[in-house]
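Trainee: One structure coming up, written as structure tokens, with questions to follow.
Where a number appears in this text, it was derived from the coordinates with a stated rule and is not lab data. What you are looking at is a predicted structure, and each value in this text was computed from that prediction instead of being measured. FYI the Cβ positions are ideal-geometry reconstructions off the backbone, even for glycines, and counts take in every protein chain you see.
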Amino acid sequence: MNKGVILFLSLFSSACSGSVPSNNLTLFEQCSGKSVTSEHAIMACEAIMQSTDSGSIDHVYAVFNRGRAYFNLSEFQKSIDDFSSVIALKPEEHAAYASRGVSYGTMGDTMRAAADFEMAVRLNKNDDVSFANLGLSYEKLMEFDKSFKALNASLSINPDNLPALAERCWVRAILGTELDQAIADCDRAIKISP
């Protein structure tokens, strides 16, 4: 069974919404991808990038959202480049690491994906989705004990995280221990999403 990386691209930061100038609201909405194609989002983001200082929160927001738009267009290397730029400008932004990890994982670079998910959860210990993605990455790297720990962390934050629950079922089965609990995880996952 081919498992894909859990696709999770969150909005960059709630702080960005407060920094949007009222005369550019439409441009910022377009850059965020609301009700526009990814191509339009890229154009709006680039317009913002050209009109702002590279270190400003508005510029960083635009680079991040352009990375999301590139991802949506399956231009994964361009999305990685943009998320890397965000990390260079704002290294404490966990969403940039998480998003770049998804891009790396989608491209099949599981080692880099795992490294980015590790950083994302180091920066935000409440990010159940990044913990789940980290668990999935470790499973693909055949590091099952690490996978199990990351999935447990995800489920301790959000017990109803369906991908984490289903993946933990699989990892428990691979480990061959706690088979009753593996079945219980699978049954619970089915009850959450029949």
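Trainee: Which of the peptides 185-192, 109-116 is most tightly packed, and how do the rest follow, judged by the mean count of other Cβ atoms within 10 Å per residue?
Mentor: 109-116, 185-192
Trainee: Find out how many positive minus negative residues lie around Ser103, taking Lys and Arg as positive, Asp and Glu as negative, among other residues whose Cβ is under 11 Å from that of Ser103.
Mentor: Neighbourhood net charge equals -1.
Trainee: Shape of the stretch 123-194 from its Cα gyration tensor (a ≥ b ≥ c, root eigenvalues): rounded if a/c is under 1.5, otherwise prolate when a/b > b/c, or oblate?
Mentor: oblate
Trainee: For the stretch 45-53, take each phi angle, set θ = phi - 60°, evaluate the Karplus expression 6.51 cos²θ - 1.76 cosθ + 1.60, and give the result in whole Hz per residue in order, putting x for glycine and proline.
Mentor: So the Karplus estimates, Gly and Pro as x, are 4, 5, 5, 5, 4, 6, 9, 10, 6 Hz.
Trainee: Using a Förster radius of 25 Å, what is the FRET efficiency between Lys149 and Glu92 based on their Cβ-Cβ separation? Nearest 0.05, please.
Mentor: 0.55
Trainee: Does the stretch 73-118 classify as rounded, prolate or oblate by the C-alpha gyration tensor (a ≥ b ≥ c root eigenvalues; a/c under 1.5 gives rounded; else a/b over b/c gives prolate, otherwise oblate)?
Mentor: oblate
Trainee: Let me ask you something else. Once Lys and Arg get +1 and Asp and Glu get -1 on their Cβ, which of Ser85, Ser99, Ser193 lies farthest toward the positive end of the dipole of the chain?
Mentor: Final value for the positive-end residue is Ser193.
Trainee: Something else now. How far is it, in nm, from the label point at Asn126 to the one at Lys34 when both lie 7 Å from their Cα along the line to the Cβ?
Mentor: About 2.3 nm separates the two model spin labels.
Trainee: Counting pairs of alpha carbon atoms under 8 Å apart in space and at least six apart in sequence, what relative contact order in percent does the chain give?
Mentor: Across the chain, relative contact order equals 14 percent.
Trainee: Shifting gears a bit: In whole angstrom, and with the biggest value first, how far do the Cα coordinates of the chain range along each principal axis?
Mentor: Over the chain, Cα extents along the principal axes are 59, 31, 27 Å.
Trainee: Follow-up question, since we're still on this one. Treating the beta-carbon of each Lys and Arg as +1 and of each Asp and Glu as -1, no other charges, what is the dipole magnitude of the stretch 37-194 about its Cα centre, to the nearest 20 debye?
Mentor: So the dipole magnitude of the stretch 37-194 works out to roughly 160 debye.
Trainee: Applying a 10 Å radius around every beta-carbon, put 67-76, 88-97, 125-134 in order of their mean neighbour count, most first.
Mentor: Taking the mean over residues of other Cβ atoms within 10 Å, the ranking is 125-134, 67-76, 88-97.
Trainee: What whole-number distance in Å separates the alpha-carbon centres of the stretch 93-145 and the stretch 146-189?
Mentor: Between the Cα centres of the stretch 93-145 and the stretch 146-189 lies a distance of 17 Å.
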